[in-house]
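K.L.:
If you scroll down you'll find the structure; I have some questions about it.
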Amino acid sequence: MSAATEATTDDTAPLDAVTGDAAAADAAAAAAVAVAATGSPRRHAVFHRLRVAAVEPLTDDAVAVTFDVPPDLRPEFRFRAGQHLTVRAPAIEGDVRRNYSICAPATGDRLRIGVKRVPGGAFSTYVTEQLAPGDELEVMTPTGTFCPDLDPGSARRYVAVAAGSGITPVLSILATALEVEPASTAALVLVNRRASTIMFLEELEDLKDTYPDRFQLLHVLHEEASEVELLSGRLDVDRLHRILDALVPPQDVDAWFLCGPLALTESVRGALLERGVEAGRVHRELFFVGDAPAPRRPRPVDPRPTAGAEVTVLLDGRSTTFRLPRDGVPVLEATLAARPDAPFACKNGVCGTCRAHVVEGAVEMDTNYALEPEELERGVVLTCQAHPVTDRLVVDYDR
Ligand code: FES
């Protein structure tokens with residue numbers, strides 16, 4: 001993910017993140033508190049109240065929300081294409097957070113997200129049915145690494161595969177890449193049920209009109225017949241290989257961006273690796289509709305299950321130290337008991353909002369759908385999934 005998550009553009013159960021539960025109480029017991037001032041590092045992502053400038057319908061069940069960002073907050077809300085925002089609504093009781101990808105190009109100054117209503121989703125129902133211009137939402141400064149590294153002098157080939165609301169970060173990525181890199185080209189395979197459910201159809205048509213020779217768009221509709229057999233029906237592995245055959249030799253693609261449900265992104269990634277694409281060129285962000293993904297990596301059995309590690313957390317220029325049993329709650333949960341300002345959204349290893357650097361010691365993660373292998377190599381971890389496996393652990397949210 002980075003998005004992993006998901007980012008995440010749907011309002012789904014795995015992205016519910018409500019503090020004050022039993023786990024937090026457990027963490028409170030585990031957390032002995034020692035707080036000290038450190039240097040003055042970069043601040044982690046924080047919430048600000050932003051006024052809603054516009055709520056525009058995209059489909060029957062999706063809207064685009066544009067925020068008014070006051071001049072003094074503009075530097076904090078500067079974003080990279082593909083990043084996402086964690087959002088809370090003052091009108092919804094409790095600390096209920098959702099992650100939504102930014103759909104606007106990073107070259108402009110518009111902060112805009114896409115929100116699709118999910119049956120039973122309180123947050124997305126509120127946004128799509130009640131939110132109006134002039135209302136306020138609490139918006140966390142942008143996070144996420146599902147982003148291309150752009151260079152105006154490069155001539156690259158980008159291909160994205162997105163499904164449903166997975167278009168949201170991909171729209172930002174492709175629009176930004178085509179504008180910033182005048183010699184680059186991009187193709188998008190976009191999967192939806194029917195034409196009427198396509199989010200940002202107008203923006204995609206505009207992109208085609210703006211870059212007729214550099215942007216290729218293929219709509220795959222799995223509940224609607226198309227004149228082209230290849231583009232009508234489920235995007236199974238066979239159809240995927242046939243589309244890839246028709247699109248571009250995979251070895252000619254510099255970066256792939258996949259965004260959608262776990263099953264789709266896994267099968268596309270698998271098909272690409274099968275064709276010899278380097279894993280480092282395939283970036284993905286997840287969103288989920290339905291059950292949370294099963295942990296990919298079970299927590300190791302600790303030989304000393306009741307032993308407590310000394311954990312120090314560096315956050316917003318202050319350090320907080322507590323003891324945490326190795327078989328206890330994750331580092332994030334224990335941190336929140338003492339530092340409720342620690343950043344998080346999904347608590348499921350999907351969105352990447354809780355990322356931090358391990359600067360001393362080591363952790364094991366239950367699952368990881370957000371971090372790329374090179375981030376793991378650099379010591380980045382998802383604190384909502386992390387458990388100490390050394391006697392001393394130092395994690396830095398500010399780095
Ligand atoms: S990955 Fe979403 S809060 Fe940890």
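What follows is calculated from the coordinates using simple rules that are stated; it is not laboratory data. Because the structure is predicted, anything quoted here is derived from the model rather than measured. Positions of Cβ are backbone-derived with ideal geometry, glycine not excepted, and every protein chain shown enters the neighbour counts.
K.L.:
Go through the range 81-92 residue by residue and turn each phi into a ³J(HN,Hα) via Karplus (6.51, -1.76, 1.60, θ = phi - 60°); whole Hz please, and just put x for glycine and proline.
P.N.:
With coefficients 6.51, -1.76 and 1.60, one gets 4, x, 7, 9, 10, 9, 10, 10, 10, x, 6, 9 Hz.
K.L.:
Can you list residues whose amide H is under 5 Å from Arg392's amide H, if they're 5+ apart or on another chain and H is modeled 1.01 Å from N?
P.N.:
Residues meeting the criterion, in which the H sits 1.01 Å from N, are Glu310.
K.L.:
Taking square-rooted eigenvalues a ≥ b ≥ c of the alpha carbon gyration tensor, is the range 160-287 rounded, prolate or oblate, where a/c under 1.5 means rounded and, failing that, a/b exceeding b/c means prolate? Walk me through the numbers on the way to the answer.
P.N.:
Working: a/c = 1.39, a/b = 1.03, b/c = 1.36.
Rounded shape, in that the Cα axes give a/c under 1.5.
K.L.:
Further question: Can you work out the Karplus-derived ³J(HN,Hα) for every residue in the range 210-224? Use 6.51 cos²θ - 1.76 cosθ + 1.60 with θ = phi - 60°, whole Hz, and x for glycine or proline.
P.N.:
Result, ordered by residue: 6, 10, x, 9, 10, 10, 10, 10, 10, 8, 10, 10, 8, 10, 9 Hz.
K.L.:
With a cut-off of 20 Å, note down the residues of the range 158-178 whose backbone N falls inside the zone around a label point 7 Å from the Cα of Arg193 toward its beta carbon.
P.N.:
Backbone N within reach: 162-168.
K.L.:
Averaging sequence separations of C-alpha pairs under 8 Å and six or more residues apart, then dividing by the length of the range 94-213, give the relative contact order as a whole percent.
P.N.:
Numbers: 127 pairs, mean separation 30.7, N = 120.
Contact order relative to length: 26 percent.
K.L.:
Still on this structure: How do Phe257, Phe287, Phe123 line up, fewest other C-beta atoms within 10 Å first?
P.N.:
On the way: Phe257 26, Phe287 36, Phe123 22.
Result, fewest neighbours first: Phe123, Phe257, Phe287.
K.L.:
Work out from phi, with θ = phi - 60° and the Karplus expression 6.51 cos²θ - 1.76 cosθ + 1.60, the ³J(HN,Hα) of each residue of the range 138-150, listed in order in whole Hz, and give x for Gly and Pro.
P.N.:
In residue order, the calculated couplings are 8, 10, 7, 4, x, 9, x, 10, 7, 9, x, 8, 9 Hz.
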